[in-house]
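Asks: One structure is given below, represented as structure tokens, and several questions about it will come after.
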Amino acid sequence: MYLNKPDSNNHLWKERYNKNQRPPGTALHEFWSDETRKLFEDFSNEVSRKYSIVSSRAPFVLTHQTYTVTYGWKWSYSLKTVPVIKNVYILDDGFCIDNYVVKSVEDYEQIYDYIETLLTDDFYAKYNEKIMNRNKKQIAGAKRLHEREKKAKEEFKKIIDSNKLNKFVWFPKIADVKIKRLYESDAEMIYNEELVDEVGYTLYIRCLQGRDERLLANEGKLKCHHCGAIHISPPDGKIICSCGYAYIFPDYMRSFNKDSMPSRSATPFFNEFIKKWEKAKTYADKMMAVDYVIHECHLDMLSGVKRNFAGGNLISGKNIQELILSLAYE
């Protein structure tokens, strides 16, 4: 349904979230009925699939919100941060895309037709220009930041032992050949206690270090990798430990990510494995804990994740995904 002005049936929305009360990220999920939530979710998924435009990273996570006197809080759909639909209004029983009201699946087609009128050759020309200019600015900004950090690091080295700067120690990954050998032995009913301990303990310590240091990093803290002292990062990020080692906090975070320490997205099952391993006493218990990790890495792989693949956080080797697939279907 097309209106000259968006439907004003949004009194509850405006009452709940006034000008001084920005909606939380999960506001729509809590506000709408199951039917309306499903209507919006299906719509968002479809426009993302057909046109690659999205309202945010997930259908019910509101980002880039602005307040309007008449219609309350609204947000937009964008193509890689470039706005396509600038006005998405919330109704008590539906939503508006600019002046188009959606209250049922029958309203979808007119919205798709409308979106196609927006995605013209002129739009894509302006879009490409914006992306190009933004990339240029980002590259120039990154270069300036690199130069500043390089200069600051050289100054820092003058007051410390440069041989003890940023000496990070990350617990190693487990080799894929050892996991394969463990499963082959287990399949032959050869219960290799030494090997299951090596595999499980390596996975456990890496998960534990990843969990503990990520929690500290989220609080702006760093654990010295040589004496274990905990430091709060100062504004300039430069930390000198009493043991003589020194760190630069941004370099610490880069090292954490470069070494593929357990990722935030897979944290729940890493944490669950920690609990399982700490309780494991027998060979069977330990093997079940290891198998739990392999199973969860398999699910993570099937989800289509490309960055921070959980298997790559824990296992080293050239064919990690092939190994996990072969173990998952044995």
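Taken together, the values in this text are just the output of simple stated rules run on the coordinates, not laboratory data. Please read these numbers as outputs of a predicted model, since none were measured by experiment. Virtual Cβ from ideal backbone geometry, glycine too; neighbours counted across all protein chains shown.
Asks: Could you check which residue among Arg148, Arg206, Arg37 shows the biggest mean-square fluctuation in a GNM of the chain with a 10 Å Cα cutoff?
Replies: So, out of Arg148, Arg206, Arg37, the one fluctuating most is Arg37.
Asks: As an exercise, use a Förster radius of 56 Å and the Cβ-Cβ distance of Lys153 and Glu184 to find the FRET efficiency, rounded to the nearest 0.05.
Replies: On the way: r = 48 Å, r/R0 = 0.85.
Here the calculated transfer efficiency is 0.75.
Asks: Of the residues Leu195, Leu203, Leu222, which exhibits the maximal mean-square fluctuation in a Gaussian network model of the chain defined by a 10 Å Cα contact cut-off?
Replies: Comparing Leu195, Leu203, Leu222 in a Gaussian network model of the chain, the most mobile one is Leu195.
Asks: Would you mind calculating the relative contact order of the chain from Cα pairs under 8 angstrom and at least 6 residues apart, reporting the percent as a whole number?
Replies: Taking the mean separation of contacting Cα pairs over the length of the chain, I get 13 percent.
Asks: When a/c is below 1.5 the answer is rounded, else prolate if a/b is larger than b/c, else oblate, so apply that to region 123-217 with a ≥ b ≥ c taken from the square roots of the Cα gyration tensor eigenvalues.
Replies: Judged from the Cα gyration tensor, region 123-217 comes out oblate (a/c at least 1.5, b/c at or above a/b).
Asks: Which values of log₁₀ I(q)/I(0), to two decimal places, follow from the Debye formula for region 157-277 at q = 0.19, 0.21 Å⁻¹ with a uniform point scatterer at every Cα?
Replies: Cα-only, vacuum Debye calculation for region 157-277: -1.02, -1.15.
Asks: Moving on to the next point. Averaged across orientations, what area in nm² does the convex hull of the alpha carbons in the chain project?
Replies: Details: hull surface 92.7 nm².
For the chain, averaging the hull's shadow over all directions gives 23.2 nm².
Asks: Put a dot 7 Å past each Cα toward the Cβ at Glu106 and Lys281; how far apart are the dots in nm?
Replies: 6.6 nm
Asks: Return the sequence-ordered ³J(HN,Hα) values of region 157-174 in whole Hz as given by the Karplus equation 6.51 cos²θ - 1.76 cosθ + 1.60 applied to θ = phi - 60°, using x for Gly and Pro.
Replies: Karplus values, whole Hz, x for Gly and Pro: 5, 5, 10, 9, 7, 4, 6, 10, 9, 6, 8, 7, 10, 9, 5, x, 6, 8.
Asks: Over the Cα atoms of region 18-144, Rg to Rh with Kirkwood Rh, two decimal places? Write down the numbers at each step before the final one.
Replies: Numbers: Rg = 15.9 Å, Rh = 15.8 Å.
Answer for region 18-144: 1.01.
Asks: Exposure proxy check: Met189, Met261 ranked by fewest other beta carbons within 10 Å?
Replies: Numbers: Met189 6, Met261 22.
So the residues, fewest neighbours to most, are Met189, Met261.
Asks: Which entries in Lys221/Lys281; Lys137/Lys221; Lys80/Lys136 show an alpha-carbon gap greater than 24 Å? The partial results should precede the final answer.
Replies: On the way: Lys221/Lys281 34 Å; Lys137/Lys221 31 Å; Lys80/Lys136 16 Å.
Over 24 Å Cα-Cα: Lys221/Lys281; Lys137/Lys221.
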